[in-house]
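Since the structure comes first, as structure tokens, the remarks are kept for the end.
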Amino acid sequence: MNPPRGDADARRAAILDAALRVFGQYGFRRTSMDDIAREAGIGKGTIYLSFGSKDEVFRGLSEALIQRMLDGASAAARMSGGTADRLAGMSAAWFGTYVETIWRSPHAAELMDAKHRLVAGLVAESSGRYRQLVRDVVVAGVASGELDLEAAGLTADVAAELLIAGARGLESSASAPDEYLRYLDALVRVMVAGLTASFRRPGSAADETG
């Protein structure tokens, strides 16, 4: 007889929580299903009720993390306030959550390699959804008159791509997650400030009449 659905969900969540700790401690290659079971305080056979292999556990962990990142970014996109606040919150939820999770582990490079090998399609699909969220917030900023992309010679797609590419590039510049989060916030606010409709650019009509 199968356990109640709530029990199955709780068991899956407990396994994923344990897997996150074990993968972080040992890396992907050294981690075994026995390690995950021991960390979760269950028998190895119980894991197979939810996951068929270590690869499936890793995929499940990746799916849960990506969903948390998307949920956080979506919530930030709906916040009240200006475009800079919304985009900064989205960057923290998307990039910051990922970096804080991965950088805790001394095996970060190996875990990233496993991610690219096992969940490349999921990463590409979710990245596209995040890019659309950023674009939508930029478009809303233009529609409200807060942003002026035309004066900068940008489209909403290009502006979104610049924000995302800049956030990725900052990963190699920061030495710790909290520093990375500060850099992310500064990047967003500097770029949005440069795109505000009230910003005076050299040669603009506002500059000439000011």
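The values are calculated or read from the model by the stated rules, or taken from the named source; none is laboratory data. Computed from a predicted model, the values in this text were never measured in an experiment. Note: ideal-geometry Cβ built from the backbone for every residue, glycine included; neighbour counts use all protein chains shown. Surface areas here come from the heavy atoms of the whole protein model, side chains and all, with no ligands, DNA or RNA. Shrake-Rupley method; radii C 1.70, N 1.55, O 1.52, S 1.80 Å.
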Could you do me a favour and compute the accessible area per residue for the chain, 1.4 Å probe, result in Å²? 53
Name the long-range amide H neighbours of Leu147: under 5 Å, sequence gap of 5 or more, or other chain; modelled H, no Pro or chain starts. Val142, Ala197
Each label point is 7 Å from the Cα along the Cα-to-Cβ direction; what then is the distance between the points at Ala8 and Asp178, in nm? 4.3
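Once neighbouring chains are kept in place and the probe is 1.4 Å, which whole percent of the accessible area of the chain is contributed by carbon and sulfur?
On the way: 5900 of 11050 Å².
Roughly 53 percent, rounded to a whole number.
Of Thr196, Thr31, Thr155, which has the most accessible area with a 1.4 Å probe, and how do the rest follow in descending order? Before the final figure, lay out each step's value.
On the way: Thr196 30, Thr31 5, Thr155 75 Å².
These residues rank, largest area first, as Thr155, Thr196, Thr31.
Based on alpha-carbon atoms only, what is the radius of gyration of the chain relative to the globular estimate 2.2 N^0.38 Å? Could the numbers behind the result be given before it?
Values: Rg = 21.1 Å, N = 210, 2.2 N^0.38 = 16.8 Å.
That works out to 1.26 for the chain.
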Asp17 and Asp71 label points (each 7 Å along its Cα→Cβ direction) are spaced in nm at 1.4
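For region 83-162, just run the numbers: alpha carbon Rg, then divide by 2.2 N^0.38 Å, N being how many residues it has.
On the way: Rg = 15.6 Å, N = 80, 2.2 N^0.38 = 11.6 Å.
Scaled against compact globular proteins, the figure is 1.34.
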Checked against the positive end of the charge dipole of region 111-181 (+1 on Cβ of Lys and Arg, -1 on Cβ of Asp and Glu, about the Cα centre), the farthest of Ser127, Leu111, Ala159 is Leu111
